1. State all residues of the range 138-151 that are over 16 Å from residue 99 (Cα atoms) and either at pLDDT 90 or above or part of a helix (DSSP H, G or I) (or both); if no residue qualifies, say none.
2. Looking at 44, 2, which is the one that is at pLDDT 95 or above, closer than 22 Å to residue 111 by Cα and surrounded by 18 or more Cβ atoms within 10 Å (Cβ to Cβ)?
3. Please work out which residue is modelled with the lowest pLDDT, limiting yourself to the range 194-224 and to residues that are closer than 16 Å to residue 159 by Cβ and either within 16 Å of ligand 2 (Cβ to nearest atom) or under 13 Å from the mean Cα position of the chain (by Cα) (or both).
4. Given the conditions (1) within 16 Å of ligand 2 (Cβ to nearest atom); (2) at positive phi, report the number of the one that residue 55 does not fulfil.
5. Got a number for residues in the range 101-121 being free of Cβ contacts under 8 Å to residues at least 24 places away in the same chain and surrounded by 15 or more Cβ atoms within 10 Å (Cβ to Cβ)?
6. For the range 105-121, indicate whether the set of residues that are in contact with a strand residue (DSSP E or B) (Cβ under 6 Å, 6 or more places away or on another chain), part of a loop (DSSP other than H, G, I, E, B) and either at pLDDT below 90 or within 26 Å of residue 2 (Cα to Cα) (or both) is non-empty.
7. Could you please find all residues in the range 209-222 being within 16 Å of ligand 1 (Cβ to nearest atom) and under 16 Å from residue 181 (Cα atoms)?
8. Count, please, the residues in the range 236-246 that happen to be free of Cβ contacts under 8 Å to residues at least 60 places away in the same chain and either closer than 19 Å to residue 213 by Cβ or outside any helix (DSSP H, G or I) (or both).
Ligand code: ADP
Ligand code: MG
Ligand code: MG
């Protein structure tokens, strides 16, 4: 059982107009096996939260804490965070030309576990995970993200989650750019990976539709760099019906 605990997190980013505070006091606890959905309008700071957890150098934590089972995550390098069991699927994954998916996955697995996986079981695991995600075996020999379609990028992210077996997985806009069939396959992959690893999942999304396939235990509405409202799955239904209007500037106070 693992716990990622975020307490009163404040994060700034340096822009051409100067330093801007983007996260303004985020508090959130994710336990193994739990699925937390973070939902909010564009520009509310959802990706900033994901990048801050993963340790992206562009984002400066000015106050607050992030711990994994009591260990200070903010003190860890990006690699140490991955080894500790924190996984981030990027909204805009980078291209790694020349490195095949197969080599990339094995290198990542070796780095995260601190030892190379046993070849025979590894090859079997990769094949099984790819087949579960309805991926063509030839995909393993392509360059990472080189010419990947939106759906292939997302499948590749979930493939990583399934194979790396993180304690906490942060999935940023896993639903963006997917048609309904791809959304179902990817969502089933997340559910399978959750089941097989027992990971806690932080599912970041603008839209409610992925929550038809991945059932959140908790929903957090993110507005202007902080959590404006929290609830159970019913809150997602309400957002689907009403949108974010009531949270935006100028909205009448909530009843
Ligand atoms: P979301 O994922 O909810 O759409 P983001 O975290 O991407 O929101 O962005 C929140 C705000 O922070 C936006 O106003 C965005 O322009 C700004 N921001 C985020 N990252 C950067 C960056 N690297 N440089 C400049 N501004 C940024
Ligand atoms: Mg504060
Ligand atoms: Mg985003």
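The values are calculated or read from the model by the stated rules, or taken from the named source; none is laboratory data. Keep in mind that this is a model prediction, so the values were computed, not measured. Because the Cβ atoms are built from the backbone with ideal geometry, glycine has one as well, and the counts that use them run over all protein chains shown.
1. Residues of the range 138-151 over 16 Å from residue 99 (Cα atoms): 149-151.
150, 151, listed by residue number.
2. 2
3. Step one: list which residues in the range 194-224 are closer than 16 Å to residue 159 by Cβ, which gives 194-197, 199, 201.
With the extra rule that they be either within 16 Å of ligand 2 (Cβ to nearest atom) or under 13 Å from the mean Cα position of the chain (by Cα) (or both), the set shrinks to 194, 199, 201.
Numbers: 194: 93, 199: 96, 201: 97.
That would be 194.
4. For residue 55, the failing item is (1).
5. So the answer is 3.
6. No: zero hits.
7. Selection gives 210 alone.
8. Of the residues in the range 236-246, 5 are free of Cβ contacts under 8 Å to residues at least 60 places away in the same chain and either closer than 19 Å to residue 213 by Cβ or outside any helix (DSSP H, G or I) (or both).
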